[in-house]
1. Just a yes or no: is a residue in the stretch 41-54 under 23 Å from A110 (Cβ atoms) and in contact with a helix residue (DSSP H, G or I) (Cβ under 8 Å, 6 or more places away or on another chain)?
2. On the basis of being at pLDDT 95 or above and either more than 15 Å from L103 (Cα to Cα) or hydrophobic (A, V, I, L, M, F, W, C) (or both), does Q46 make the cut?
3. In the set A79, A72, A109, A40, which member is closer than 16 Å to C27 by Cβ, surrounded by 16 or more Cβ atoms within 10 Å (Cβ to Cβ) and touching a residue at least 60 places away in the same chain (Cβ under 8 Å)?
4. How many residues does the stretch 5-37 contain that are free of Cβ contacts under 8 Å to residues at least 40 places away in the same chain, surrounded by fewer than 17 Cβ atoms within 10 Å (Cβ to Cβ) and touching a Pro at 6+ places or on another chain (Cβ under 7 Å)?
5. Kindly establish whether Y58 is surrounded by 13 or more Cβ atoms within 10 Å (Cβ to Cβ), of a type in the set (F, W, Y) and in contact (Cβ under 8 Å) with a residue 60 or more places away in the chain.
6. Which of the residues that make up the stretch 1-13 are assigned to a strand (DSSP E or B) and either touching a helix residue (DSSP H, G or I) at 6+ places or on another chain (Cβ under 8 Å) or among the basic types (K, R) (or both)?
Amino acid sequence: MPLTARCHCGRNAFEVDGELPRELTRCTCSFCSKRGHLYAYFKPEQFKVTLADSDAVYHWNSRTVHNHFCSACGCDLYADSPDFQSDGSWDGKTRRIAVNARLIDDFEAADWPVIVLDGKHLW
């Protein structure tokens with residue numbers, strides 16, 4: 001059964017063919033720390049947008065990360081990103097989808113282990 005998710009106003013929705021990873025990621029970079037999301041990473045082929053009535057995209061710095069958010073309610077939806085490794089490297093082609101796990105139906109953040117990525121000093 002796929003994971004389903006939607007923003008607060010319901011104008012944007014997506015599903016993921018898979019299960020939540022064993023750990024979620026909280027990044028400390030300037031963008032992520034202000035948004036407060038918890039990322040669950042998936043391969044692009046696992047991810048499907050099912051509704052995009054008010055999808056907007058924010059690009060920052062290198063413009064290689066496409067941060068999708070709802071322009072109506074402001075919820076952070078997901079990011080289409082290079083598949084950065086923990087040392088910040090990237091092979092120049094592989095991408096991943098970083099889903100805001102807080103939007104997943106029936107998700108409870110307190111029940112999930114979280115690792116912290118020191119994006120404040122890595123990028």
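1. No, the stretch 41-54 has no match at all.
2. Working: at pLDDT 95 or above: yes; either more than 15 Å from L103 (Cα to Cα) or hydrophobic (A, V, I, L, M, F, W, C) (or both): yes.
Spelling it out, Q46 is indeed at pLDDT 95 or above and either more than 15 Å from L103 (Cα to Cα) or hydrophobic (A, V, I, L, M, F, W, C) (or both).
3. The match here is A40.
4. Result for the stretch 5-37: 1.
5. Working: surrounded by 13 or more Cβ atoms within 10 Å (Cβ to Cβ): yes; of a type in the set (F, W, Y): yes; in contact (Cβ under 8 Å) with a residue 60 or more places away in the chain: no.
Judged against the criteria, Y58 is not a match.
6. If the condition is that a residue be assigned to a strand (DSSP E or B) and either touching a helix residue (DSSP H, G or I) at 6+ places or on another chain (Cβ under 8 Å) or among the basic types (K, R) (or both), then A5, R6 are the ones that fit.
Residue-wise test of (1) under 14 Å from L3 (Cβ atoms); (2) within 11 Å of the chain's Cα centre (by Cα); (3) in a strand (DSSP E or B).
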| position | (1), (2), (3) |
| --- | --- |
| A56 | no, no, yes |
| W60 | no, no, no |
| F69 | no, yes, yes |
| G74 | no, no, no |
| D80 | no, yes, yes |
| K93 | no, no, no |
| V99 | yes, yes, yes |
| R102 | yes, yes, no |
| K120 | no, no, no |
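The values are calculated or read from the model by the stated rules, or taken from the named source; none is laboratory data. All figures in this text were calculated on a predicted structure; none of them were measured in a lab. FYI the Cβ positions are ideal-geometry reconstructions off the backbone, even for glycines, and counts take in every protein chain you see.
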